1. Against the condition closer than 20 Å to A:S410 by Cβ, more than 12 Å from every other protein chain (Cβ to nearest Cβ), of a type outside the set (A, V, I, L, M, F, W, C) and crowded, with 17+ Cβ neighbours inside 10 Å, how does B:S128 come out, does it pass?
2. Within segment C:358-396, count every residue that is hydrophobic (A, V, I, L, M, F, W, C), touching a helix residue (DSSP H, G or I) at 6+ places or on another chain (Cβ under 6 Å) and under 17 Å from C:V457 (Cβ atoms).
3. Within segment C:415-431, track down each residue that is within 14 Å of chain B (Cβ to nearest Cβ) and not hydrophobic (A, V, I, L, M, F, W, C).
4. Can you name every residue in segment A:385-436 that is touching a residue at least 12 places away in the same chain (Cβ under 8 Å), outside any helix (DSSP H, G or I) and open to solvent by 70 Å² or more (accessible area, probe 1.4 Å)?
5. When segment A:319-364 is examined, which residues are found to be closer than 20 Å to C:A416 by Cα and among the acidic types (D, E)?
6. Do any strands (runs of 3 or more DSSP E) entirely within segment A:160-209 hold 3 or more residues that are at pLDDT 95 or above and of a type outside the set (G, A, S), and if so, which?
7. Among the residues of segment A:344-365, are any closer than 30 Å to B:D179 by Cβ, open to solvent by less than 60 Å² (accessible area, probe 1.4 Å) and either assigned to a strand (DSSP E or B) or out of contact with any helix residue (DSSP H, G or I) (no Cβ under 8 Å at 6 or more places or on another chain) (or both)?
8. If a residue must be open to solvent by 20 Å² or more (accessible area, probe 1.4 Å), closer than 27 Å to C:F288 by Cβ and among the charged types (D, E, K, R), how many such residues does segment C:151-174 contain?
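The values are calculated or read from the model by the stated rules, or taken from the named source; none is laboratory data. Here the structure is a predicted model, which is why all the values come from computation and not from measurement. Cβ coordinates were reconstructed from backbone atoms using ideal geometry, including for glycine residues, and neighbour counts include every protein chain displayed. For accessibility, only protein heavy atoms count, side chains too; no ligands or nucleic acids. Shrake-Rupley method; radii C 1.70, N 1.55, O 1.52, S 1.80 Å.
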Amino acid sequence: MDLKEKLTASFLAFENDVDTDTFIHNIRNEAIKIFEEKGFPTKKEEAWKYTSLNSVLKDDYSVFPKQENTIEYNDVKKYFIHDIDTYKVVFIDGKYSSHLSQTTHDGIDVCLMSSALTKPKYRIIVENYFNKAATKDSLTSLNTAFSCEGVYIHIPKNKLVQKPIQILYFSTGNEAATMLQPRNLIVVDENSHVQIIERHQSLTSNAVLTNSVTEIFTNKRAIVDYYKIQNDNQNATLIDNTFIKQRQESVASVHTFAFGGKLVRNNLNFYQTGERIESNLKGITIIGDKQHVDHNTLVHHIEPNCESHQDYKGIFGENSTGVFNGKIVVEKEAQKTNAFQANNNILISDKATINTKPQLEIFADDVKCSHGCTIGQLDESAMFYMRSRGIPEKEAKALLMYAFSNNVLSSVKIPEIKLRITKIIAHKLGVNIGFDL
Amino acid sequence: MLKIENLHASVEDKAILRGINLEVKAGEVHAIMGPNGSGKSTLASVIAGKEEYEVTEGSIFLENEDIDELAAEERAHKGIFLSFQYPVEIPGVSVTNFMKTAINETRKSKGLEDMPAKDMLKLIREKSELLEIDRKFLSRSLNEGFSGGEKKRNEIFQMAMLEPKLAILDETDSGLDIDALRIVANGVNKLKSKDNAVIVITHYQRLLDYIVPDFVHVLYNGRIVKSGGKELAHELEEKGYDWIKEEVNA
Amino acid sequence: MNKYTEDDLREELKTKEYEYGFYTDIESDTFPIGLNEDIVRAISLKKEEPEWMTEWRLEAFRAWEKMEEPEWANVHYAKPDFQAISYYSAPNSKPKYNSLDEVDPELLATFAKLGISIDEQKKLSNVAMDVVVDSVSVATTFKKTLGEKGIIFMSISEAIREHPELVKKYIGTIVPQKDNFYAALNSAVFSDGSFCYIPKGVRCPMELSTYFRINQAGTGQFERTLVIADEGSYVSYLEGCTAPSRDENQLHAAVVELIALDDAEIKYSTVQNWYPGNAEGKGGVFNFVTKRGLCEKNAKISWTQVETGSAVTWKYPSCVLKGDNSVGEFYSIAVTNNHQQADTGTKMIHLGKNTKSTIISKGISAGKSQNSYRGLVKISPNADNARNFSQCDSLLMGNECGAHTFPYIEAKNKTAKIEHEATTSKIGEDQIFYCNQRGIDTEKAIALIVNGFSKEVLNKLPMEFAVEAQKLLEISLEGSVG
């Protein structure tokens, strides 16, 4: 039985298992039908031209975790941003781990999707927002069909959330192969600010396939900073589907730090439904081995006077493959749009590949759109210069690569994240030097 | 400093301001709050002399001079500064070149020579430090590709350069995260003196935690319907604007 | 109140007359209208050309007869009747002068009106000039000074007679006779143009300059320019164009070929101000020009153009980067107003390794004009480490004009680095008000914006031309800019 059949077959059992009202029930039923019809995407689809899921789908994934596992904080501390005070929502093999988490209902709601979907007090928000930004493509539909757990965040009007919120999904590998489908809903109301950090982490070498969907709604003048840290091990595959629907004058920024796993696909979608919106999409990708990272972005400019800034840097070593597919749509009404997109890549091995494809669809006539894409190698003369000053080759390379990716880090608002990412970069590049020389 | 008497203004024959009375003395900070569409930004534009708006009744006095007939640039020369809610991008014109032109045009209107380059550079250095602005930023095209925060910081930088008598800050807090808000507010506070005045226009109370007003006015339907001290702002944040509307309509 | 709005600006633009629109009453020697092999032979004969040149022209003519006028450009106009044009018109004085004293005083007065008194130019700006009126070169200055360095700078007719080996070797190698419809036409009927050769290792001590003017009614101008920079040499070449106001359309179909041999550098600047037609779109020059340069190893060709004239412009100065490490540059300002149409841009063909190209194109459209940028960047499979940066900015004034960008990128080598930026913006009332609020009046504000928009290109012009170009921008856009 292939994975698609297995999933569709287990849907009924799943639906019987989770108690739910008809509202969610209908959405799930509709979603499974879409998935049944479309199946997993193949390379024949334009959006998946450079990324094949074949090698991922052949494992025999268990789709519901059978037993619960616990882990000690000290064993996984390193995966947290632990040197600052944060709210934490932590899951182990898809189940909520209360002892690792710190949720809150004090003025804001940082809690579980399972509660939000079932308890009456969340009903209005869930009905207004759940599945309202997510698209009906096959993988998102698959997640929708099985959505029952994840993070629910609601920040009411005029709140400055003082502590960042960390979302962590651990998989312990107590099955040979596990499939996880977390579902997150984040609603930020008028004039509120929040910072969120998300990470998916496998703790063993057993295969894990995560098909995650996150919906984020930023209402008028809200400011959301979202950080995705992806640094998983060789058998972990992540398909991240994030949908951000923005209202007037809101600012949403997503930083994606992609240091790989086996295969990572980031579908990041911004919808600007209001004037004077700012959307920021930043990314650093550093991978090697046979890793594959695919950034697929969409910014949909629907109304006038909005901005978007995209800046993705990639460094590809060994046999790795990078894909960047950035689409910007500017509707006819979206006059005075400013849309910037840059994708710069360095190949440090002859066997590494990068496929980059900017797509601009502009229907308005008073706009500024720029896109730039570069593929290059490290500057040999700069390398020689540093080596002639006594800096060994490896360190010189690392310094250049750090400098190359540095301007993406400059927009990171949480210093601890900047520090952490810097350390990961150093580790990735195999050097032990502080970069803030 | 500024005196507004029974000001009525309309755009395309639609009345927006319907009899504003306001007096701002030197050394004071006034906050103007109000629900969306109450006329806050219109008031700012009318004081600055935007031509789309027609003054149908009433007058605006700056230091006892009726400025009704003055063009926008003449009002600027007399010391009115508007920090725009949405600063405009001007490609190809650097921040420095723009400021140089603005300062020298203002000096010319007063019969003064152009400011010597050396003094100009010194002034720019001084004021950019105040707003924690990177020097590289000054050679970039005005507002082009600036983030929301950078645009607002640049507005206050220009205010610092031009040293106006009356500064009107129109929704200066929109698009600012908390760190940027602190820097901007700090800049405004340092520029405050007993000889100038500030009007802060905002929908939210947050900015007023940093730029503390002496008076708070509520604008509704083109009129100032309530005035009070800074505690009024807190009340509005808590209760929203509906109770004001009810009071007015009752 | 001092109201100077965008509408006023637009109004002023509409009423701005073409300031160079005078007609010089010089007797000319003009051929009957129409084109056939006999006319081609007659042109060749008139110019006392050798047999190979006559044959070369006929070959081009036969090719042209089979070709169709291209229609892919984003311009719309009534096609010229090629049989209603006279293909040769020369001022009816001696076609060659030994000194300026021999030049028809009326003609000198023409130059004075153009603001390019030859005398003055000669003394003040150290510019050697070749002047082509209608189709014939009438004055080449500074010949002696240049001669001492071995630099050949003369009309192409003279060059065909005096340096046939050079002309024969290079003419048509960069723009072949059959390259396109207008190039073929030009190859068949070109009556004059400039020729320039800079010997090995010589740095041309002054700017070389050609002025083109269409004077006679019912004529076309078909000049041909050939510039050869031998190994390690350098030359900066300027070209200016004007024509009188006339109700009918005049045709200008020129060909410019540049050859930069190893380590050579050619800087070619154009200020084009052919008559653009009147405010209703009547009359004006059809400017269909083929310009192309070839770079050998380490060579560099830089095209800079300020295009303010012509009713219809169709022009793509291009660089073939054949040699390793060669560099191509294209800097352009194209201004269109009233009913003008421009479809202009460049082609950068990267063939050699480590080749670099830069494209900066600024289009300003006002009135009811249409302004298009069309550019091709092509990286061939062997062009390792090729680099290109393109920037295309459009500035619109008013709601009736249009700006269009057609960038084509063909990369067949994965080490290529290509960047493209494009912007479209309007001078809007909000920008003007913003400037006003900071104490800057409206006229100054518009000057600030237009100059800011164009400065990256203006900076690339040689000093002598920058001033004139700035002046042209002012004339083309509004009285008070600057």
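1. Working: closer than 20 Å to A:S410 by Cβ: yes; more than 12 Å from every other protein chain (Cβ to nearest Cβ): yes; of a type outside the set (A, V, I, L, M, F, W, C): yes; crowded, with 17+ Cβ neighbours inside 10 Å: yes.
In short, yes.
2. From segment C:358-396, those hydrophobic (A, V, I, L, M, F, W, C) are C:359-360, C:364, C:366, C:376-377, C:379, C:383, C:386, C:389, C:392, C:395-396; that's our starting set.
Among the residues that remain, those that are also touching a helix residue (DSSP H, G or I) at 6+ places or on another chain (Cβ under 6 Å) are: C:360, C:366, C:395.
So of that shortlist, the ones also under 17 Å from C:V457 (Cβ atoms) come out as C:360, C:395.
Result for segment C:358-396: 2.
3. Narrowing segment C:415-431 to residues within 14 Å of chain B (Cβ to nearest Cβ): C:421-431.
Answer for segment C:415-431, where residues must be within 14 Å of chain B (Cβ to nearest Cβ) and not hydrophobic (A, V, I, L, M, F, W, C): C:E421, C:T423, C:T424, C:S425, C:K426, C:G428, C:E429, C:D430, C:Q431.
4. Residues satisfying the conditions are A:K413, A:D436.
5. The answer is A:D350, and nothing else.
6. Numbers: elements: A:165-171, A:177-180, A:183-188, A:193-202.
Once the strands (runs of 3 or more DSSP E) in segment A:160-209 are filtered for at least 3 residues that are at pLDDT 95 or above and of a type outside the set (G, A, S), what remains is A:165-171, A:183-188, A:193-202.
7. Of segment A:344-365, the ones closer than 30 Å to B:D179 by Cβ are A:344.
Restricting the remaining residues to those that are open to solvent by less than 60 Å² (accessible area, probe 1.4 Å) gives A:344.
Among the residues that remain, those that are also either assigned to a strand (DSSP E or B) or out of contact with any helix residue (DSSP H, G or I) (no Cβ under 8 Å at 6 or more places or on another chain) (or both) are: A:344.
Yes: segment A:344-365 contains one or more residues that are closer than 30 Å to B:D179 by Cβ, open to solvent by less than 60 Å² (accessible area, probe 1.4 Å) and either assigned to a strand (DSSP E or B) or out of contact with any helix residue (DSSP H, G or I) (no Cβ under 8 Å at 6 or more places or on another chain) (or both).
8. 2
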